[in-house]
1. Looking at (1) in the same structural domain as Asn83 (by TED's automatic domain parsing); (2) on the phi < 0 side of the Ramachandran plot, which is the only condition Lys187 fails?
2. Does Gln359 satisfy the criteria of being in contact (Cβ under 8 Å) with a residue 12 or more places away in the chain and assigned to a loop (DSSP other than H, G, I, E, B)?
3. Within the bounds of region 222-237, is there any residue that is in the same structural domain as Ser267 (by TED's automatic domain parsing) and at positive phi?
4. Of the numbered conditions (1) in contact (Cβ under 8 Å) with a residue 40 or more places away in the chain; (2) surrounded by 14 or more Cβ atoms within 10 Å (Cβ to Cβ); (3) over 21 Å from Ala65 (Cβ atoms), Phe127 fails exactly one; give the number of that condition.
5. For region 101-116: of the residues being under 10 Å from Tyr140 (Cα atoms) and either under 39 Å from the mean Cα position of the chain (by Cα) or not charged (D, E, K, R) (or both), which is modelled with the highest pLDDT?
6. Residues that are of a type in the set (S, T, N, Q) and either touching a helix residue (DSSP H, G or I) at 6+ places or on another chain (Cβ under 7 Å) or without any contact (Cβ under 8 Å) to a residue 24 or more places away in the chain (or both): find the strands (runs of 3 or more DSSP E) completely inside region 169-250 holding 1 or more of those.
7. Return only the number of the condition from (1) at positive phi; (2) touching a strand residue (DSSP E or B) at 6+ places or on another chain (Cβ under 9 Å); (3) free of Cβ contacts under 8 Å to residues at least 40 places away in the same chain that Gly142 does not satisfy.
8. Regarding Asp64, is this residue surrounded by fewer than 16 Cβ atoms within 10 Å (Cβ to Cβ) and either in contact (Cβ under 8 Å) with a residue 24 or more places away in the chain or of a type in the set (Gly, Ala, Ser) (or both)?
Amino acid sequence: MPRIPLALEAGDARPVGEGSCNVTAAPCSSSSSVTETINGSHNFTIGGYSLAKGMGAGKFLTSDAFWVGGYQWAIYFYPDGKNVEDNCLYVSIFIALASEGTDVRALFELTLLDQSGKGKHKVHSHFDRSLESGPYTLKYRGSMWGYKRFLRRTVLETSDYLKNDSLSVTCTVGVVVSATQGPKCYKINVPEPDIGLHFEKLLISEEGADVVFDVKGQMFKAHKLVLAARSPVLSSELVSLEGSDNVVIIKDMEPHVFQALLHFIYSDSLVESTSTELAESPMTTIVQYLLAAADRYALDRLKTLCESRICEDVGVQTVAATLALAEQHHCSQLKAVCLKFAAANLAAVMMSEGYEQLQKNCPSLQSELLEAVAEVDEDAGVGIPSVVNRRTIMWLPDSDGSDANGRRVRQRA
């Protein structure tokens, strides 16, 4: 009779062939159970104690209900005791479950406050001690925990617990809760934000466009509200267009750079070099021009994106020009990177063509470069270079009379 295969759970062994099997271990999983208390306290002041006496055994004064751990609680004070058989010799204090609940497990602490300032409170507490039977369980609404013989009345009335005919009781409740923690088996994936795609489509479709930019004869349609929301500079410039022909002439910018600028304004991302004009220009060059445009129109995020992209291409032959660019457009992060790179590779950088231009156009950067060199040399433990020109580097000797290469240097008198 042929055997009928049984349905197997994931991870169970499955038959491979007659008389043999390939046993696959079940995947390991884990979880943990955490039991803790949610704590809260309430202070109940009983004024006019002498007037409350004599109301009779089993009669009580009660506090306002207060919330702890998702349940309401109340303090009950019995001036003549809870039980008749005690003949009013004791005061009784209880804490009661004041809201609906079943088998609510909790820890309690009742404190009769010493009003003399000596701190000698009378405390009955479940906290900070081992309980043989565990936390107390309140079966239903109205269930109580407390002490029928909390304190003799004669002791109370001659103690520092009673002052100006009033006493104060603090109750702390710790509701026991348990939770099992484990890996989440199910989740719903939320798609990435796509608002930029929608605005990019709006730019491409030109639907609802109400302003035209003339960039060296090439026209770009756009939307005033979008531009104003993204750039405070454009917002200010577009105000002057009210009642005009809504044409803005852009000078000192190439059309493909302005196109990339609009792309960022609408999509919040750098443009890809897919168009003909963009593809014909090196991406680093486009980003450099785009950095200038971002500085011009106060687009801080675009400016930082450009800094990050340009930073990737910093090298011996480019660092001087990049440093000048960062200085011109107030790019503090890019400037710091360039100074650090130039200081660490000073000899090679000074031999580059860009360094000579840097000396001519940005002489103020010389002192900052020297400071960066000093920091690098201090870490490396070598002398500080004195920059004379592109062809000459003079090293100030270290304290042992050696130059940066370890050769001895004769000291002049």
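The values are calculated or read from the model by the stated rules, or taken from the named source; none is laboratory data. Please read all numbers here as calculations on a predicted model, not as lab measurements. Here the Cβ is made from the backbone with ideal geometry for all residues, glycine too, and neighbour counts use every protein chain on show.
1. Only one criterion is unmet by Lys187, namely (1).
2. For Gln359, the condition - in contact (Cβ under 8 Å) with a residue 12 or more places away in the chain and assigned to a loop (DSSP other than H, G, I, E, B) - is not met.
3. No, the conditions are met nowhere in region 222-237.
4. Checking Phe127 against (1) in contact (Cβ under 8 Å) with a residue 40 or more places away in the chain; (2) surrounded by 14 or more Cβ atoms within 10 Å (Cβ to Cβ); (3) over 21 Å from Ala65 (Cβ atoms), the one that fails is (2).
5. Applying the filter and picking the extreme gives Val104.
6. Of the strands (runs of 3 or more DSSP E) lying wholly inside region 169-250, those with at least 1 residues that are of a type in the set (S, T, N, Q) and either touching a helix residue (DSSP H, G or I) at 6+ places or on another chain (Cβ under 7 Å) or without any contact (Cβ under 8 Å) to a residue 24 or more places away in the chain (or both) span 218-222.
7. (3)
8. In short, no.
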